[in-house]
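The values are calculated or read from the model by the stated rules, or taken from the named source; none is laboratory data. Since this is a predicted model, take the numbers as computed values, not measurements. Quick reminder, even Gly has a Cβ in these numbers, built from the backbone with ideal geometry, and neighbours come from all protein chains shown. These accessible areas exclude ligands, DNA and RNA; they are computed on the full protein's heavy atoms, side chains included. Shrake-Rupley method; radii C 1.70, N 1.55, O 1.52, S 1.80 Å.
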Amino acid sequence: MSDAKGAGSNGSGNGRFLNPTPMLDELESGPWPSFVTGLKELAERTKKPMLRGVMDQLEYSYQTRMGYWKGGLVTVKGYGAGIITRYSMIRDKLPEASEFHTMRIQAPPGLHYKTDTLRELCDIWEKHGTGLIALHGQTGDIMLQGIEADKVQECFDELNQNGWDLGGAGAGMRTGVSCAGPARCEQACYDTLEMHEKVMKHFVGAVHRPEWNYKFKLKFSGCPNDCTNSIMRSDIAVIGMWKDSIQMDADEVDAWVEKNGMEKLVNEVVNLCPTRAISLKDGGIEIDNGNCVHCMHCLNVMPKALSPGKERGVALLMGGKSTLKVGFNAGSMIVPFKKMESEEDIEEFIDLADEIIDWWDDNGLDHERLGETIERVGMKQFLDGVGLEPSIDMVTKPRDNPYFKTKY
């Protein structure tokens with residue numbers, strides 16, 4: 001394979017569809033499941049030449065220590081985004097891998113599917129593309145990986161007729177992501193599913209037709225557990241929050257202690273509270289809610305005994321992003337608490353998001369995320385620009401390295 005031989009052939013000559021890939025084979029030898037095994041199984045079952053070509057090119061990349069994919073532009077009618085283009089720079093050596101485009105498909109709020117819907121999606125994709133699917137990337141999309149440009153429109157038309165839509169890509173609104181919320185989780189402080197649907201319907205034009213300086217992401221987590229990883233990966237993180245005291249069921253606390261023992265209560269609940277807001281009292285616990293930082297640890301350990309307070313809503317953290325060009329940002333706490341109980345509350349959030357995006361689009365540089373713009377021009381200018389009053393509850397600079405956590 002050092003000279004890319006075998007590409008475009010009918011296999012290795014031993015009755016198998018795939019060509020030899022000794023370096024990729026090494027990735028199957030470890031203790032964990034390997035993506036190589038899955039690719040091999042799919043290629044041998046479907047006999048799609050594109051899959052064979054992609055594996056040949058990956059083998060060649062490992063040998064030469066170079067990547068050979070380049071971008072381009074592939075779209076469907078009326079859309080300017082949603083398809084990630086991949087053209088090979090060595091198509092003369094490996095013609096079967098000359099194209100390998102990815103279609104991003106928007107997932108439903110909370111990632112709720114019916115089995116027949118998923119089967120339908122798989123059948124359409126295997127008909128037009130490779131059949132290779134990734135569920136889900138940090139984008140929140142269903143990633144349909146491997147299709148040629150001349151088949152994209154026909155594939156999209158069939159997907160769209162069955163209720164699916166392309167996700168975001170490029171310099172525009174990206175696909176929204178929400179946790180299961182009140183559908184399955186007792187910790188949810190607002191309806192993540194309803195908010196996700198209404199907000200993304202408002203921004204649907206910006207998803208399909210990019211028009212900003214760079215990408216913008218919204219994620220919706222029902223509680224501070226942040227199961228969508230929104231604080232670290234979205235420009236506006238909508239986190240479920242409560243304003244009053246944690247609710248405590250004394251009988252359930254007693255039942256938990258009886259089942260698990262006082263030692264476990266001390267070691268795994270009281271001692272692990274980051275602000276020492278929990279103390280022992282009369283064989284149970286007492287919570288100093290004034291010092292509670294809503295870390296969710298005690299609620300996760302004792303979900304029947306403890307639950308979020310009754311006055312619920314959301315907190316808005318802004319400016320989060322993962323490492324790309326200028327390092328990592330965690331979202332800054334901008335709105336510590338906001339009610340989110342009605343359609344009017346959602347509309348108020350949408351109006352605020354529009355203000356923020358307009359300010360960022362006017363003041364941001366090319367390829368600059370919201371957090372980077374705030375950092376460059378200053379928090380005061382940002383708050384003045386979007387009409388938010390400064391508050392002592394705002395956090396300008398949270399811990400900005402998620403890979404290191406100091407001891408309290």
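When you check GLY72 against the structure, is it at pLDDT below 95 and buried (at least 19 other Cβ atoms within 10 Å of the Cβ), yes or no? So GLY72 does not fit the description; no. Just for the range 75-86: of the residues that are open to solvent by less than 50 Å² (accessible area, probe 1.4 Å) and not polar (S, T, N, Q), which one is farthest from HIS208 (Cα to Cα)? Filtering first and then ranking leaves ILE84. Kindly provide the set of residues from the range 233-259 that are among the β-branched types (Val, Ile, Thr) and within 30 Å of HIS196 (Cβ to Cβ), ordered by number. Selection gives ILE236, VAL238, ILE239, ILE246.
Taken together, the residues in the range 355-379 that are among the small types (Gly, Ala, Ser) and touching a Phe, Trp or Tyr at 6+ places or on another chain (Cβ under 9 Å) amount to 1. The set of residues in the range 143-155 that are in contact (Cβ under 8 Å) with a residue 24 or more places away in the chain, open to solvent by 10 Å² or more (accessible area, probe 1.4 Å) and part of a helix (DSSP H, G or I) comprises ALA149, GLN153, GLU154.
Among the residues of the range 87-97, those that are surrounded by fewer than 17 Cβ atoms within 10 Å (Cβ to Cβ) and in contact (Cβ under 8 Å) with a residue 12 or more places away in the chain comprise MET89, PRO95.
All of (1) assigned to a loop (DSSP other than H, G, I, E, B); (2) touching a Leu at 6+ places or on another chain (Cβ under 7 Å); (3) within 22 Å of SER342 (Cβ to Cβ) hold for VAL199 with one exception: (1). The residues listed here are MET55, MET66; of these, the one that is over 20 Å from ALA171 (Cβ atoms), buried (at least 16 other Cβ atoms within 10 Å of the Cβ) and hydrophobic (A, V, I, L, M, F, W, C) is MET55. Within the range 178-199, the residues that satisfy the criterion of being of a type outside the set (Gly, Ala, Ser) and either farther than 26 Å from ASP361 by Cα or at pLDDT below 95 (or both) are CYS179, PRO182, ARG184, CYS185, GLU186, GLN187, CYS189, TYR190, ASP191, THR192, LEU193, GLU194.
Within the range 351-359, is even one residue in the same structural domain as GLN187 (by TED's automatic domain parsing), buried (at least 19 other Cβ atoms within 10 Å of the Cβ), in contact with a Gly (Cβ under 9 Å, 6 or more places away or on another chain) and of a type in the set (Phe, Trp, Tyr)? Yes: the range 351-359 contains one or more residues that are in the same structural domain as GLN187 (by TED's automatic domain parsing), buried (at least 19 other Cβ atoms within 10 Å of the Cβ), in contact with a Gly (Cβ under 9 Å, 6 or more places away or on another chain) and of a type in the set (Phe, Trp, Tyr). Checking ARG399, ARG376 one by one, the residue that is at pLDDT below 90, farther than 21 Å from ARG174 by Cβ and either in a helix (DSSP H, G or I) or open to solvent by 40 Å² or more (accessible area, probe 1.4 Å) (or both) is ARG399 and no other. Reported count of residues in the range 22-48, each being surrounded by fewer than 17 Cβ atoms within 10 Å (Cβ to Cβ) and either charged (D, E, K, R) or assigned to a helix (DSSP H, G or I) (or both), is 13. Checked against (1) under 16 Å from the mean Cα position of the chain (by Cα); (2) assigned to a strand (DSSP E or B); (3) not aliphatic (A, V, I, L, M), ASN225 passes all but a single condition, namely (2). Listed here are the strands (runs of 3 or more DSSP E) enclosed by the range 257-363 that have at least 2 residues being touching a residue at least 24 places away in the same chain (Cβ under 8 Å) and under 24 Å from the mean Cα position of the chain (by Cα): 312-318, 332-338. Residue count for the range 99-116 satisfying the condition of being open to solvent by 30 Å² or more (accessible area, probe 1.4 Å), more than 20 Å from the chain's Cα centre (by Cα) and in contact (Cβ under 8 Å) with a residue 12 or more places away in the chain: 1.
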